[in-house]
1. Residues of segment A:276-298 being surrounded by 17 or more Cβ atoms within 10 Å (Cβ to Cβ), of a type in the set (Asp, Glu) and out of contact with any helix residue (DSSP H, G or I) (no Cβ under 9 Å at 6 or more places or on another chain), which ones?
2. Failed condition for residue A:322, given (1) away from chain B (no Cβ under 14 Å); (2) of a type outside the set (A, V, I, L, M); (3) surrounded by fewer than 18 Cβ atoms within 10 Å (Cβ to Cβ), with all others met?
3. Can you tell me which residue among B:290, B:321, B:373, B:314 is surrounded by fewer than 23 Cβ atoms within 10 Å (Cβ to Cβ) and free of Cβ contacts under 8 Å to residues at least 24 places away in the same chain?
4. Condition first: at the interface with another protein chain (Cβ under 7 Å from one of its Cβ atoms), at pLDDT 95 or above and part of a loop (DSSP other than H, G, I, E, B). Now tell me which residues in segment B:273-287 satisfy that.
5. Taking segment B:180-215 as the search range and keeping residues that are of a type in the set (S, T, N, Q) and buried (at least 19 other Cβ atoms within 10 Å of the Cβ), which one is nearest to residue B:123 (Cα to Cα)?
6. Scan segment A:253-274 and report the pairs whose first residue is within 12 Å of chain B (Cβ to nearest Cβ) and whose second residue is among the small types (Gly, Ala, Ser) and surrounded by 14 or more Cβ atoms within 10 Å (Cβ to Cβ), with Cβ atoms within less than 6 Å and a gap of 6+ or a chain change.
7. From the list A:70, A:62, pick out the single residue that is in contact (Cβ under 8 Å) with a residue 60 or more places away in the chain and not in a strand (DSSP E or B).
8. I'd like the full set of residues that are assigned to a helix (DSSP H, G or I) and touching a strand residue (DSSP E or B) at 6+ places or on another chain (Cβ under 7 Å), limited to segment A:46-59.
Amino acid sequence: MATGNDVVAMILAGGRGTRLKALTAGIAKPAVFFGGKYRIIDFALSNVANSGIDRVGVLTQYESTVLSTYIGSGSNWGLNGNKSMVSVLPPRETDKGIAWYRGTADAIAQNLAWLDSLHPQQVLILSGDHIYRQDYTEMIELHRTRGADLTVACINVDISEASRFGIMSVDQRGFVTRFDEKPAHPESTLASMGIYVFDYQYLRAALITDAKDPSSEHDFGKNIIPKMLAEKARICAYVYKGYWRDVGTIESLWQANMDLLDPVTEHDLIGCMPRLFSTHTHSDPQYIGPEAEVDDSLINQGAQVYGHVDRSVIFNEVVVEKDARVESSVVMPAAVIRSGVTVRYALIGLQAEVDHDIIGEPGNIAVYTGKEDR
Amino acid sequence: MGNKIVGLVNLHHSPTLGGLTERRCLASVSFLSRYALMDFTLSNMVNSDIDYIGVLAPDSIRSLTKHIGAGGPWMTNTKNSKVQVLYDEPHAHQLGYNSDVNNIRENWWFLEESRADYVLFAPAHVLHIMDYRQLLSYAKAMGARCTMVYAKVNDLDDEARGGLLVDVDSQYNITRMYANRGDRSEGFASLGIVLMDRSFLYQVMSLAQSSSSFFSILDVLVTHCQELGIKGYEYAGPYMRRIDTFSHYYRYSLELLDPQLRRKLIQPGWPIYTKSYDTPPAFYAKTCEVRDSAIANGCIIEGTVRHSILGRDVVVESGAVIEDSIILSGSRICAGAQVRCAVLDKDCSVVTAGLHIEGTPAAPAFIKRGDRV
């Protein structure tokens, strides 16, 4: 593929995901489970691999152990081949001291030496916590043919939602004329997805300048892009069409899981080819028991269902005992729903043992990890 | 002598399973929705810390190499471990000469490279759960150079037909080996699992050469049983079934829908490794009714599935009914079709509305790979 050797992908995976509450206790948000079989970062890593991009850096900070163990050699995404690699890049001690990543731009800036060593033409910057499928080839092609300094992927959102995003205005040729981070009165519905293709030399210079600016928050949306616009840089917009969600809250994480119960969304996100890659769990086959009732649900290998499952997403090694009911819920790996228990409108965490009812409601999804008392 | 074992999955004495083994070897026949039959023996070896595994293949290496690939799922260390298909190219098409003896001779480098002290032979079609390290401890304690695993069988008119029976004396010496002709009901049947030290294997190979060019390792053991000195080891594992006929395949697959029996074959702490296809979780539609069934990932189920086993990526349309059947990966059952007591090979399409495919438990129906009916 044309993109292969000239592009290096950098996945920002250091976020804490505070609004996911107990689900990010001990693990970074990109490592949170999603869709019956996956972790959120599988989307970014699979997209990269399936776009023919061979070299990937993953920038970690908050609770990076689970994430870096999960990524390993990159073999789950086929990135351990003779021309491919994944490097997990946490903050580190250098001859200048110890520095945390102060923002998205700073995370890349602190790894310029690593990028230099790979001699990329372009750098693709991604968020590790978005749910979407994209072949980046077309966006990179657009960037190259337009001779842009930066190409930003964007998506049309509803005007009522626009003030949650970085909103862009574009001219007739598709170049960005204005960028407002979370505007109170948005003048466009074109939202930045936080996916950037930079010409590397341009990015490098911009980051070095930004690093010296004491007033900067070292953030792409707040600092780098507004400054580029002010300096009349060539910023191209690439309009993405399809399913895309930032699952930053309990509600949005639950909703995105429920969206998979629509066969079209299921196909586009996880059922289609090329595959969405993930880890191998060495599970048994999933088993649906003699008295079980399963409707409108996704169930992964290793799950054993003896009770009632309706409109739910069930991960590997989950046990739903006889006379247990799971409705409109997401049950993460190896959780056990005991007999007689009802789980409704809930997210159940890894290995949680549920021996009492967990009942939420739309707009107030219950979260249970079984670790609340510790 | 050290304790290093090289594992050889011996497919040279594999039975056939009718249409299922027409275009593939028995070892790669799909089993229990997400496994191939060979996965169980391979996983026993991996779980017994055997890191050099050869698969002695007489033929049908297409399906074998497709499943094993570079051996990844069964390798502990990707540098120090090896899972390798061993194939005797010069004799592959010479009936009679295509024996395990010639195969090992052709692939002698594998034994040399493994630097193993012991060679363990095990078949793919005898499903068993066994820590082979215990077999080695037994062999060492008994001072045995060759140890053969056997099990007591009560219905020899149905089980292990054509297989090897053994007589064992009070000192656990195997005194005689002979074929099961079904003329008696009880006896000790060999599981085809044999552990020997390497010098013993040399001896067997040279005895084979001096006896007949058609001889297999087993032929040598049978012929020279007494003089070689072979110890017996009675199998005491939680589960053992021979998948040696099509009806056994059908019966022993579906009986594993019983969770308690399945727990004997697939135990916590004794994982069964297999190739992954990165298929998404199975999707159960609002219209589906699924009971007492094992389902692999990638399935889309809108219809009714009872007491059945579905492989990867099987589609059951709304209104279709599957009962007491085994559907292999990639098959599609269209609306209105009914499948009872049947085995559908991979990538079949049942497209005729109202079609009933119906066998009996004793004689299940079979639809060939890729057929549209």
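The values are calculated or read from the model by the stated rules, or taken from the named source; none is laboratory data. As the structure is a computational prediction, the values presented were derived from the model and not from experiment. For neighbour counting, all protein chains shown are included, and Cβ atoms are generated from backbone atoms with ideal geometry for every residue, glycine included.
1. Those that are surrounded by 17 or more Cβ atoms within 10 Å (Cβ to Cβ), of a type in the set (Asp, Glu) and out of contact with any helix residue (DSSP H, G or I) (no Cβ under 9 Å at 6 or more places or on another chain): A:293, A:295, A:296.
2. Residue A:322 satisfies every listed condition except (1).
3. Values: B:290 fails: surrounded by fewer than 23 Cβ atoms within 10 Å (Cβ to Cβ); B:373 fails: free of Cβ contacts under 8 Å to residues at least 24 places away in the same chain; B:314 fails: surrounded by fewer than 23 Cβ atoms within 10 Å (Cβ to Cβ).
Result of the check over B:290, B:321, B:373, B:314: B:321.
4. Within segment B:273-287, the subset at the interface with another protein chain (Cβ under 7 Å from one of its Cβ atoms) is B:273, B:276, B:278, B:280-286.
Within this subset, residues satisfying the condition of being at pLDDT 95 or above are B:273, B:278, B:280-286.
Across segment B:273-287, the qualifying residues are B:273, B:278, B:280, B:281, B:285, B:286.
5. Quick first cut of segment B:180-215, residues of a type in the set (S, T, N, Q) only: B:180, B:185, B:190, B:199, B:203, B:206, B:209-213.
Pick out the ones that are also buried (at least 19 other Cβ atoms within 10 Å of the Cβ) and you get B:180, B:190.
Numbers: B:180: 18, B:190: 11 Å.
Per the stated criteria, the residue is B:190.
6. These pairs meet every condition: A:260/A:35; A:270/A:35.
7. Numbers: A:62 fails: in contact (Cβ under 8 Å) with a residue 60 or more places away in the chain.
Being in contact (Cβ under 8 Å) with a residue 60 or more places away in the chain and not in a strand (DSSP E or B) holds for just one of A:70, A:62, which is A:70.
8. Of the residues in segment A:46-59, the ones assigned to a helix (DSSP H, G or I) are A:46-50.
Correct list: A:48 only.
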